[in-house]
Each structure stands twice: as structure tokens, then as C-alpha cells.
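The values are calculated or read from the model by the stated rules, or taken from the named source; none is laboratory data. All values reported here derive from a predicted model rather than from experimental measurement. Neighbour counts run over all protein chains shown; Cβ positions are idealised from the backbone, glycine included.
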Amino acid sequence: MRREIPLIITFIAGLVFVVQYFIPHPPFDAFEQVFTNWFAIVQAFAIWLGALSLMKFSMLKIRRKQKDWFMSVIIIVGFVVMVAYGAYDGFAGMHASPTYSFRDAGTHFDWLYQNIYTPLTSTMFALLAFFVASASYRAFRARNLQATLLLIAGILVMIGRVPIGDWLTSFMPAHYQASNLATWIMNFPNAAGQRAIMIGIALGTVSTSLRIILGIERSHLEG
Amino acid sequence: MKKIIPIIVLLILFVIALFNKSQLEMSAGVSILVTILLGIAMIVVLILTISGRSIERRIVFLFIGVSLILPFFMNFTLPLQVSPEVRTLYDALAKLPKGSKVLASYDYDPPSAPELQPMGDAFMKWAFRHDIKVIIIGLWPQGPLQANLSVNAALADPEIAKHPPKYGVDYVNLGYQSGNEFVIQGMGTSIRSKFPSDLYNTPYDSIPLLRGVENFSNIDFVFNLSAGYPGTVEWVQIAVDRFGVPVGAGNTAVQAPQVYPYVESGQLTGLLGGMSGGAEFEKITKEPGQANTFLLSQSFAHVVVIGFILIGNVALFMGKTKRRPPIG
Amino acid sequence: MKVARAVFPLVILTLALSCNLMAQKMKIEPALDTATQVITQQPPIAPLNLFAEDTPDDAGNSMDIRWDLSADDSADVTNYQVLRSDSPDGPFVVVGGTTKGQGSFTDNTVKPGQKYYYKIVAQGAPLTDSTFVSSESTVFGPAISSGQWFNTRRSNVLLWTLVLSASVIFFIYRAKSGGKLYIRKIAGIDAIDEAIGRATEMGRKVFYVPGINDMDDVQTLASIAILGRVARIAAESDTYLEVPVSKSLVLITARETVKESYSKVGRPDSFREEQVHYVTDDQFGYAAAIDGMVVREQPATMIYMGAFYAESLILAETGNAAGAIQIAGTAMPAQLPFFVAACDYTLIGEELFAASAYLSREPKLLGSLKGQDVGKALFLASIILGIIIEIVTKVDFQWLLRVS
């Protein structure tokens, strides 16, 4: 039964979701929201499992003094500090008058969020600028016809997306100026390619979902 | 030592950037000179590549870093053409009579702020100047806080500060609500059910601006700033397709291509795509902001990336990939 | 004195009339006595032909209301209010409204099976802060909403769902009866064996990144299915497989999958729980953690399968800098170009979903791919047919017959 029960649950849930999409009459209209709420609740409880796994993994690294174990110390300190200040601000806010949330401006948690978390995530996001450059330098080589077309399209879109492109091509008729060429590439070849990929993805999604609902695909249950 | 020189150069530039920008602003002449120097540096790299030396990625990173930071101190802007998608959005906003209610959904977080915040700032300033009422919500947790930054930027404008808009009467921030697209769906029936109070816990019914605002049929336009999911796609699929409310959007440059089909089909009333979309919006609304500065920075970076792509192709065609020590 | 008494009222009257004329010229709003409201403007003409009906294809909580715009819509009307009552005599309450120029409204607060009566109020210029010059339409009703058992707007979706499902199921069961099914070579999936072999030879780790979405995303499910196969190959070749995950539910599923794979090849003792570990839910925190692991541990192989967002290039470029062989697969169209540029092999869109079938070579799974391909062929045929019909109906072919 260990394998059968998950398959039965999967089948029932999958069937209900498909049926409710086509039947608006109550009680089918509420199923999607109900199941989504259940999933959110399960997800919220499951976060504890993840957090405990992270702490266990980090402590193991520290205990075994594996390479760069100090990074695990930083993880544990960061985790404990954020949780502690969040809890402190949360409880203090509940008993204050007027009440406030631990996320409100002016709390310790908000300070940590604005001054540590936000700059860190922005920095990671900013790395993309450098990585795009190094990836483009390495990948955009005219080795064959397709790569050459990719190279030309990439250069046209890059130069057309900034004012310099129109400035450089200002002598050409309006339709052939860089920004209009870039827009044409994005609206036609790119959109067509994206739609084709999205149709393929949709078909693949339907096929995979059918396999999972009917219990033919069981790798996620039994390896 | 050689390997850390690029890091030291970037750190020095970063420290300089921390100072008050206006004290270090270059004149137009100096700006052009610096641009020429950057171009000469790239030509040197090209010559070295032709002679058979490969470029280490740190050199690429150094050039990108310099090309991104220097324009912040330059004193010129590039001429800009307003694209049809941006014009469509502006025209839709301009047609709204005074007192119209616009729902502004800020669906992004700080990492996407460089692209989307200038759009939000320009919109807020324009709305306050033209007596458009703004109802702010967020489907991302940090969205309403980003919206407050837009409000603060608008209130700092000297002209708006003379007749400042009143909170609760001219604008209101209803805060964040979890639930993704189900929030949009719920708002089609009752906005109050999804946002029973504003960001400061004032009950919905106590807010003058929201009297008579039951659902989307009482909203004249939706202005959405989106960096992913939930975002513009969900607004189109639910608010436009099911409830018929017009929606205009600003997206990051990465997401904009996915949203173009909705613009073409007419489901989306205009699109501001990436940094250039933000700069065009600032131009057409006549609300100058940071997008133009950021766009200059982006322009330099794009040219440098294209330069390196061409250098890489020159190296490929020259076929001179002998084993000489790499540059950097 | 008598003359003064007679003339004085005339003077006052003349002055009053002059002031009134001046006020009208300057368009000053008339001051109103709260006790007696002197209406100086005409109410707009009432809207006509009010009609309310049940909104089709819904659960019965919605009513469509429409009316002809007031003849004064462009001039005197500022907005329309929609009022509703349970009886034709009232009391009526406001349920919503529209701006001028809009003659339709959807009332989303009705209960199915209940009778409702509607009227429209066309509002003109304001008299006070809360009252307006207005006119009302006649009452319409009763209107009753009800839920429908089938959403007819989705009939085309139902048709294609049935066609595709029938095709997939038909070929699944046909595959059971035997016979070899052709499937084209997918270089990225073929390279998985080679990539894990490389890691074995070099004595380094294999990193498997299952994406950033949770178990409710079909890409993550597909990724876990591939993970099972990859774990089996890694277990057979005694290569250390590390799986950092971003979501707790993915942690549980991935750990069970990898553990089962090790058991199936007879190496349950080789599996360690810390191989599959949770990092963080945060997108860039996850990317930073994996980048750190890659830079420190220099894995030989990186496999990215699942849903990725902006962190895709950060991960792939760092893996490239570490000298790892990289195989990626995602159904996120925006991230595909980054993976194509930075990785050695990329599975594009539906290839990710086909990978599990491709690796296992089970007839039923391969049959589903065949069914999917037949469905795609039908899609293609309908798109081409649609284009032809569109061209034929839109283009004027008379020029072929015209004689100049």
C-alpha cells in the first residue's frame, strides 16, 4: 500500500483539478482555492523541515571541520539573528499600542532586511551584468550559419535597446533604424520562436501530467 | 598582484561613487574624453587579441564595471525615441479625466528596482500632478514598500509639494496580500474582501478615497509594475480577460519579450520594457528621473559587450589561439 | 422718503440680478442653502433599456447589467450608479458604478437563485459634497443568476484536452503490446552518462540542481524523475551526488528518490542524508550558496533540471568558470538563451519532459512521447489551416480576374 496510496491520491487530486476547470457550478468552483490553500498550509509546515535540515547540515560541517566550515558558522549566526529579532519584534508589536508587525518600518527586523538582506540580493542580481558580458563574449562566435544569425540578431537587439543605436543609424529610413529593427526582431522572429517553444512546453506538460495522474510515471515516488 | 588589480580599480571606483555624485560630476568635455579613453582601451585589447593573446574573464568584468559606473558622473543624455508601446500606455493614462481612480500594483522586489522604480516614480509624479487618484497594492511582499518610495519621490517634487496630495483622499496604500492570482480574482468581486484595511491598519470603509470602490468596475485603469510571477501575465489573464478593466504594465527587460504577444493582441494597453521603457516613459510624461542616467550606463555597457563579442569573433577568424599567457 | 422706500427694493433687485448674471458668466458654483437646495442645472436624461441577465459560464455569483447611455452622456453625465434591491419597490442600495460612456456593469455580489431588481442612476453635476443632479431609469427585474454545469467558453480547451489525452493514452497502451518505438537522439540526455563518468574519473562531485520551484510545478516533478535515474547512474559508478534544494517539499521528495535509487542498485549503505540538503527559499541566496559550493568544491559535473529564473546565468557561468561539464534543461523560455550560451548541453522545453522516458526507455513512457508528437502534429495542421482560412477570407482575389 506504500506505493498505492500516493498513486490514488495523485489520481483523485489530478482528476478533480481537471474537472473543476470545466465545471463552474458549486462546489467545483471552490476546489482550486481549497486545494491551493491546503498546499500553502503543508508548504508552511514543511519550511521547518528545511530549516532543520540546513542547521543539521551546517553543524555537521562545523563539527567535522570540513573545508571552509566558517561559512556554516555565518549561516547559523545569520539564521538565529533574523529569527530572534523577528520573534522579538513580533511579540513586542503584538503587545504595543497601537500594534505593529515585525515587518513594519522601524523594527530591528526591518533594519536587518533593508541594510543587509536587500543589498546582498541586489548585489547577486547585479552579478548578472558581468556574467552576461562574459557569456556573450564566449558564446557569440560565428562558427556556423545559425551562430552567425544569432550573433547578428543579438548585436542588433543590444544596440537597438539603447539610444546609441538610433543615434548611430539616424541616417537610415525610420523602419531600418536600430530601435525599430530590434522591436521587429523581438515582436516577430523572437515572439514566433517563444510561442513555438511554449506550445511544445504545454504539450509536454499535458503529457507529463497525464503520466503522473495515471500512475505511469513513478520515478518521483520510487526512484 | 596582477589578479587583484581589477578588483582594486573597481573598489576605488565604488568608493568614489559613495561620495556625493554632484561633487564629482564631469563636464561634457571630460565625459567625452573619458569615453574616448575607454574606446582606446578596447582597441588595445583588440590588438592584443589579434596578436594571439586570449582575454581572461576578469578583464571583461573590469571593463563592464568601469562602463557601468563612469556614466553616473557624466553630464550628458542621449537622444531618445518613444516607442509605440510606451506611447499607447501614456495615451491611455492621458485620456483619463481628473479624479479617475488608477490601481497601481507594485509587483517587484528590490533587485528589480533599478529597472522598475523609475517607472513607478514617473507614474506617481504624473498622477499627483494631474489629479489622478492612486490606489496602491502589491502582490509581492516588498511591492507596497517600493510604492512608498515612489510616493516619497513624488512628494519631494517642489511643484507637487506646493499642493501635496492627501493620504486617504488622493492616494492610499492597501499593502500586500498573499494568494497570487487569486487576489486579482477576488478583487474582481470585492476589493475590500482582499484588502480589509490599508498598510497602516485603517479599515477600508474609513478611507474616503475607497468609498464607492467595490471592485474592478469602479477602477478606471490598472498600472502594473512586474518582475515575474505573479505579475503582468496574471493581470492580463484575469483582470483584462475576465473583468474587462484596462491594464498597462512596466516589466523588466528579461520579462518584456514574454509579454509582447499581449500588447500585439490588444489585451495589454501599452508596455514599458526595461530601462529604455522607463526612460521613454520619463520623457513622454515629462517627469525626469533616474532612468535616463541608468540608461546611459546601460548604453555604455551594451557597447562594451558588443565590442568584446566582435573582439572574440576577430580572434576566431584570425585563428591565432596560440598558447601565450592570457591578458590579466 | 416714500420714493426712497419704493426705489430701494428695485435697486436691491437690480443688484441681485446683475450679480447672478455675473456669476453665470464667471461660472461660479451657486451657493446652496442647506435647508432649501436651489437646483440651477437640469438633471440629465435618464438611461433607457436597462437589462440584467445571468452571467454565462460561471458559478452563479454574477449578473451582467447593460443599458443605453443617457442622451446627455457626453455633456451632463459624470457617472452612472447601479442600484439593486430584493423587491421592485426597494429599498435600493448601490452595488457599483461606471464612469460616463460605459453602459455595462457586472455585479459580482449576487447569490444564485435569488431574485434581484436593478435601476441605473445617471449622475450629473454635484449639488453638495454628497448629492448630485441625477435621473433614474425604470426598474428592471426580476433577474436571477444561476451556476452553469459547463463553461462553454472552454469547449475548445476541452476538445484539445480530449484529443491530446486520447492520443497519449492510445500510444501508451499500444506500446505495451511490443514493437520498438523510434525516438530521436537528444544529445543532452545522452551526455549525462558521459558527464557522470567524467566525475568518477576525476574523483570529484556531481551537483544536481532541481530548480527553484516547489513540487506543484510540473518541471520540478520532471526534474525529480530525472534525478532518480541520475542517482542510479551515480550510485552504480560510486560517484558522490550532491543535491542542494530550494524548497522543503522538494527536499523530502528528492531525498526519498535518491535513497530509493541507491537501494535499487544494491548500494543503500552508500547513501548519506546530507547528500540532499536544503539551502534557502530565497532565489539569490540559493544562487549564492550554490556558487560558493561550486567555487570551493570544484565539481566535475553540474546538472540543472527544472524551473529557473534570473539565477540561471549566475549558476551556469560559475559552473563554467569552475571547469565543470554542464547539462541544463528547463521549460522557462526566458532562461533558455542563458543556458544555451553557458552550458555544454541544453534540453529545450519539452525535451526536459521527455528526458525521463528517454533515460528509462520504458515502452509506456516512450508511447506517451509518441502520443504527444501526434498531438503536436494535429496542432500544427490546425494552425496551418487557420492561416490559410485567414488569408483566403481577408485577401481580395478579384485582382486575379480583373482585366485592365
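Odds and ends about this structure:
- Qualifying residues in the range B:76-93 (those that are under 20 Å from B:Tyr262 (Cβ atoms) and crowded, with 18+ Cβ neighbours inside 10 Å) - the one farthest from the chain's Cα centre (by Cα): B:Leu93
- Residue count, the range B:192-214 (criterion: in contact (Cβ under 8 Å) with a residue 12 or more places away in the chain, out of contact with any strand residue (DSSP E or B) (no Cβ under 7 Å at 6 or more places or on another chain) and within 11 Å of chain C (Cβ to nearest Cβ)): 2
- If you go through the range C:227-242 and keep only what is closer than 13 Å to C:Ile303 by Cα and more than 10 Å from chain A (Cβ to nearest Cβ), you end up with C:Val230, C:Ala234, C:Leu241, C:Glu242.
- Residue in the range A:30-40 that is in a helix (DSSP H, G or I), within 9 Å of chain C (Cβ to nearest Cβ) and within 20 Å of the chain's Cα centre (by Cα) present: yes
- Every listed requirement among (1) under 26 Å from B:Ala301 (Cβ atoms); (2) at the interface with another protein chain (Cβ under 7 Å from one of its Cβ atoms) is met by A:Ser207 save one, (1).
Yes/no matrix, rows are residues, columns are (1) touching a helix residue (DSSP H, G or I) at 6+ places or on another chain (Cβ under 6 Å); (2) within 11 Å of chain C (Cβ to nearest Cβ); (3) farther than 30 Å from C:Ser263 by Cβ:
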position	(1), (2), (3)
A:Leu120	no, yes, yes
A:Met124	yes, yes, yes
A:Thr148	no, no, yes
A:Val162	yes, no, yes
A:Asn180	no, no, yes
A:Ile199	no, yes, yes
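- Restricting C:Val168, C:Val157 to residues that are surrounded by fewer than 22 Cβ atoms within 10 Å (Cβ to Cβ), farther than 29 Å from C:Asp282 by Cβ and at the interface with another protein chain (Cβ under 10 Å from one of its Cβ atoms) narrows the list to C:Val157.
- Some residue of the range B:63-75 being of a type in the set (S, T, N, Q), surrounded by 20 or more Cβ atoms within 10 Å (Cβ to Cβ) and in a helix (DSSP H, G or I): yes
- Residues satisfying the stated conditions in the range B:76-110, i.e. part of a helix (DSSP H, G or I) and in contact with a Gly (Cβ under 8 Å, 6 or more places away or on another chain): B:Glu85, B:Val86, B:Arg87, B:Thr88, B:Leu89, B:Tyr90, B:Asp91, B:Ala92, B:Leu93
- Test: residue in the range A:188-203 that is outside the structural domain of A:Phe11 (by TED's automatic domain parsing), among the small types (Gly, Ala, Ser) and not in a helix (DSSP H, G or I): no
- Some residue of the range C:305-317 being among the aliphatic types (A, V, I, L, M), under 25 Å from C:Met215 (Cα atoms), touching a Gly at 6+ places or on another chain (Cβ under 9 Å) and at pLDDT 95 or above: yes
- Flag if C:Ile252 is in the same structural domain as C:Asp214 (by TED's automatic domain parsing), part of a helix (DSSP H, G or I) and free of Cβ contacts under 8 Å to residues at least 24 places away in the same chain: yes
- Residue that is among the hydrophobic types (A, V, I, L, M, F, W, C), within 14 Å of chain A (Cβ to nearest Cβ) and in contact with a Gly (Cβ under 8 Å, 6 or more places away or on another chain), where the choices are B:Leu268, B:Leu225, B:Leu316: B:Leu268
- Scanning the range B:127-134 finds no residues that are of a type in the set (Val, Ile, Thr), modelled with pLDDT of 95 or more and surrounded by fewer than 23 Cβ atoms within 10 Å (Cβ to Cβ).
- Lone qualifier among A:Leu156, A:Leu221 - being touching a residue at least 12 places away in the same chain (Cβ under 8 Å) and within 30 Å of A:Arg2 (Cα to Cα): A:Leu221
- Flag for B:Glu287 being assigned to a helix (DSSP H, G or I), acidic (Asp, Glu) and at pLDDT 85 or above: no
- Residue check, B:Ile306 touching a strand residue (DSSP E or B) at 6+ places or on another chain (Cβ under 8 Å) and surrounded by fewer than 23 Cβ atoms within 10 Å (Cβ to Cβ): no
- Of the numbered criteria (1) in the same structural domain as A:Tyr85 (by TED's automatic domain parsing); (2) modelled with pLDDT of 90 or more; (3) buried (at least 19 other Cβ atoms within 10 Å of the Cβ), the one A:Leu151 fails is (1).
- Residue satisfying condition, being assigned to a helix (DSSP H, G or I), under 26 Å from A:Ala135 (Cα atoms), touching a Ser or Thr at 6+ places or on another chain (Cβ under 9 Å) and in the same structural domain as B:Lys125 (by TED's automatic domain parsing), within set B:Val303, B:Val259: B:Val259
- Residues considered: C:Tyr182, C:Tyr240, C:Tyr208. Of these, the only one that is aromatic (Phe, Trp, Tyr), within 30 Å of C:Asp373 (Cα to Cα) and either surrounded by fewer than 20 Cβ atoms within 10 Å (Cβ to Cβ) or at pLDDT below 95 (or both) is C:Tyr182.
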